[in-house]
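The values are calculated or read from the model by the stated rules, or taken from the named source; none is laboratory data. The structure presented is a predicted model; accordingly, all values stated were derived computationally and were not measured. Here the Cβ is made from the backbone with ideal geometry for all residues, glycine too, and neighbour counts use every protein chain on show. Ligands, DNA and RNA are excluded from the accessible area calculation, which covers all protein heavy atoms including side chains. Shrake-Rupley method; radii C 1.70, N 1.55, O 1.52, S 1.80 Å.
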Amino acid sequence: MDWLQVVILAVVQGLTEFLPISSSAHLILVPILGGDPDQGLAFDVALHLGSLAAVLLYFRQDIGRMTLSWTRSLSTRELDADSRLAWGVILGTIPVGLVGLIMQDFIETSLRSPIWIAWGLIIFGLLLGWVDWRHRGQRSEHQLRWKDVFWIGCAQALALFPGVSRSGITMTAGLMVGLNREGASRFSFLLSIPVTVLACLLKTYDLVKADTQVEWAPMAVGVILSGISAYLCIHYFLAFIKRIGMQPFVVYRVVLGAILLWMFL
């Protein structure tokens, strides 16, 4: 990779990881549309590490409270708002972990084409727009019920298919079960932590097994730029989501999907 590709991919990953527009789709499409070689597994790991660092840093106080309350709940068997949220994040991660283990090879080899990405962007983008318009509620992430966690967790498993968007589908499910925009977004961001950790561990294992040569300088730059852009994305998304709503992202998804269909059909 040249340095321009490194910068573009890192910023694109950071900005799209937490917006409901599918980061995986953009990481696949950027080299295709730019005529560049695929960035490779090692660089993907670096970009996701940057995004992980950003969400951990942004939610560090929440994570600290949740961890303490969750640890205390193991001995007391009593749940407060923070421990319930921590358990929700853990339980909500199980479906995507199971589906990922079963279907990873099929998804990686069969569903990475621009056509599949285009349909994922359009269909699930329209679903997000409809749910945001008709079904959003007033509850925060601390008011999640166990059945809400189950449905959001199951929805997150769909994000393994490129074009769906992990943040987009979990926000959609959160709004559908009655969360407000901020609550759905914050729970989606917290859910990204264990998923990203698991994905990085799995990809790192694949790298070690394949004995892949690593270019450390581009990876270091990718981690830093991805982390900075992801942190800024989280901050401004949460600051403005109540005002702007989900519809601008829906329009972006539909337009991008339509352009891809026009280009590749």
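Scanning the stretch 61-80 for residues that are over 17 Å from L190 (Cβ atoms) and among the charged types (D, E, K, R), which turns out surrounded by the most Cβ atoms within 10 Å (Cβ to Cβ)?
In this case the residue turns out to be R72.
Would you pick out the residues in the stretch 232-257 that are among the charged types (D, E, K, R), in contact with a helix residue (DSSP H, G or I) (Cβ under 6 Å, 6 or more places away or on another chain) and farther than 19 Å from I122 by Cβ?
Selection gives K242 alone.
Which condition from (1) over 15 Å from G92 (Cβ atoms); (2) open to solvent by less than 10 Å² (accessible area, probe 1.4 Å); (3) of a type outside the set (K, R); (4) at pLDDT 95 or above is the one that W130 breaks?
(2)
For V164, all conditions in the list (1) in a helix (DSSP H, G or I); (2) open to solvent by less than 10 Å² (accessible area, probe 1.4 Å) hold save one; what is the number of the exception?
Result: V164 fails condition (1) only.
From the residues in the stretch 35-60 that are assigned to a helix (DSSP H, G or I), over 18 Å from S229 (Cβ atoms) and out of contact with any Asp or Glu (no Cβ under 7 Å at 6 or more places or on another chain), which one is least open to solvent (accessible area, probe 1.4 Å)?
A42
Within the stretch 5-25, work out how many residues are under 10 Å from S165 (Cβ atoms) and either modelled with pLDDT under 85 or assigned to a helix (DSSP H, G or I) (or both).
Residues flagged as under 10 Å from S165 (Cβ atoms) and either modelled with pLDDT under 85 or assigned to a helix (DSSP H, G or I) (or both) within the stretch 5-25 amount to 4.
Considering (1) over 23 Å from L121 (Cβ atoms); (2) charged (D, E, K, R); (3) free of Cβ contacts under 8 Å to residues at least 12 places away in the same chain, say which one D38 fails and leave the rest.
Result: D38 fails condition (1) only.
Is it true that some residue in the stretch 103-110 is outside any helix (DSSP H, G or I) and surrounded by 15 or more Cβ atoms within 10 Å (Cβ to Cβ)?
Within the stretch 103-110, none of the residues are outside any helix (DSSP H, G or I) and surrounded by 15 or more Cβ atoms within 10 Å (Cβ to Cβ).
Could you tell me which numbered condition W116 fails, if it satisfies all but one of (1) open to solvent by less than 70 Å² (accessible area, probe 1.4 Å); (2) farther than 21 Å from I152 by Cβ; (3) in a helix (DSSP H, G or I); (4) touching a residue at least 24 places away in the same chain (Cβ under 8 Å)?
Single failed check for W116: (1).
Among the candidates A258, A239, A210, which residue alone is closer than 25 Å to Q5 by Cβ and among the aliphatic types (A, V, I, L, M)?
One residue alone meets the criteria, A210.
Give me the pairs, please: first residue somewhere in the stretch 84-97 and under 9 Å from L191 (Cβ atoms), second residue anywhere and not in a helix (DSSP H, G or I), beta-carbon distance under 7 Å, and either six or more positions apart or on two chains.
G88/L144
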